[in-house]
Amino acid sequence: MRTPTRRESFPLSRLEGAPMARRKKIYEGKAKILYEGPEPGTIVQYFKDDATAFNAEKKDVIDGKGVLNNRLSEFFMNGLTQIGVPTHFIRRLNMREQLVRSCEIVPLEVIVRNYAAGSMSKRLGIAEGTQLPRPIVEYCYKDDALGDPLVTEEHIAAFGWASQQDMDDILSLALRVNDFMSGVMLAVGIRLVDFKIEIGRVYEGDFQRLIIADEISPDSCRLWDIETGQKLDKDVFRRDLGSLTDAYSEVARRLGVLPKSNVSKPTLIN
Ligand code: TMP
Ligand code: ASP
């Protein structure tokens, strides 16, 4: 038997954080792929470099985005766990993958807004950046074919997407995430304008519990520099405002997820 070459003994796919081929793919979304996890009840969440906007009408591959979002989502989910907000996050596995708890996704996008922006500004004619009188929570039905339409609690109850108890829990989770994320961002000079989360249902014996699932990253938040108003989130891509990796790296650097000297390259510390 011949000795394997260096490349064979250290497969590049491992080094680059690409998914291991033998894992069974469960689902591929626009920015992530889900694989069967190593133990029952677990899933491996792989962060792609793909960026999409306007229901995938606009697409690109942004070098390093997946690596940054994997790290940033880990950072936020760990913080939430520390303050007692349950999440699906178990641990980061490598540059692009994290182990998460498998859960049933509630078919809603839960949006919390502190300042008017994006679709709310358009819909209601409120200038972007206007502070809202209080955080406003919106629900969209998760269906790409329909463009994730805004729905009310009446639709949610009538179509059985979530119970009244679920809705009470979802609202309180969303507001806790908002307070946590607003504070973390404020501490590094960033305004949390709005964000989107997804909620998972897990079963424990006869009981069910709701947890934060999916990801929390600059893909799913609006983040503006407090001093300059500079956008540090996916609007940079949606609106062609410059380098998305630079923007996400800046967020990561301020939060201490990236070394200070490395602003634009996603070379990450452990
Ligand atoms: P919107 O103003 O476009 O409705 O977006 C509100 C927030 O939700 C914003 O932080 C971006 C985030 N978002 C997603 O995470 N996924 C989406 O598909 C959309 C449309 C928005
Ligand atoms: N991620 C969504 C898409 O491509 C939209 C967005 O984030 O703007 O469809």
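Any read-out appearing in this document is the output of simple, stated calculations on the displayed coordinates, not a laboratory observation. All values derive from a computational prediction rather than experimental measurement. Heads up, the Cβs are rebuilt from the backbone with ideal geometry, glycines too, and the neighbour counts pull from every protein chain shown.
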Note to self: Can you give me the long-range amide H partners of residue 93? Hydrogens built in the peptide plane at 1.01 Å from N, cutoff under 5 Å, separation of 5 or more residues or another chain.
What the structure shows: 98, 99
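In deg cm²/dmol and to the nearest 500, what is the mean residue ellipticity at 222 nm of the chain if only DSSP H runs of at least 4 residues count, each as -39500 (n - 2.57), divided by the residue total? Could the numbers behind the result be given before it?
Working: 8 runs with 77 residues, N = 270.
Theoretical 222 nm ellipticity from helices: -8500 deg cm²/dmol.
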Notebook entry, point to check: For labels at residue 136 and residue 104 in the simple 7 Å Cα→Cβ model, what's the distance in nm?
Noted result: 3.2
Next item on the list: Using Cα pairs closer than 8 Å and at least 6 residues apart in sequence, work out the relative contact order for region 133-211, in percent.
Entry: 17
Next item on the list: Report, by chain and number, residues whose modeled amide H sits under 5 Å from the one on residue 50, excluding near sequence neighbours (fewer than 5 apart, same chain).
Entry: 62
Next item on the list: Springs between alpha-carbon atoms under 10 Å, Gaussian network over the chain: tell me which of 185, 95, 167 tops the mean-square fluctuations.
Entry: 167
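Round to the nearest 0.05 the FRET efficiency obtained for residue 206 and residue 26 when R0 = 22 Å and r is the Cβ-Cβ distance.
Numbers: r = 26 Å, r/R0 = 1.19.
It comes to 0.25.
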Check: If the viscosity is 1.306 mPa s and the temperature 10 °C, what translational diffusion coefficient in µm²/s does Stokes-Einstein give for the chain when Rh comes from Kirkwood over Cα pairs?
Finding: 81
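Normalised by the residues of the chain, what does the relative contact order come to in percent, with Cα pairs under 8 Å and at least six apart? The partial results should precede the final answer.
Working: 477 pairs, mean separation 42.5, N = 270.
Relative contact order here is 16 percent.
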Checklist line | Euclidean distance of C-alpha centroids, region 80-136 and region 137-206, integer Å | finding: 7
Checklist line | ³J(HN,Hα), Karplus 6.51/-1.76/1.60, whole Hz, each residue of region 38-52, x for Gly, Pro | finding: x, 10, x, x, 10, 9, 9, 9, 9, 8, 7, 8, 5, 10, 10
Checklist line | Relative contact order [Cα under 8 Å, 6+ residues apart], region 109-151, whole percent | finding: 40
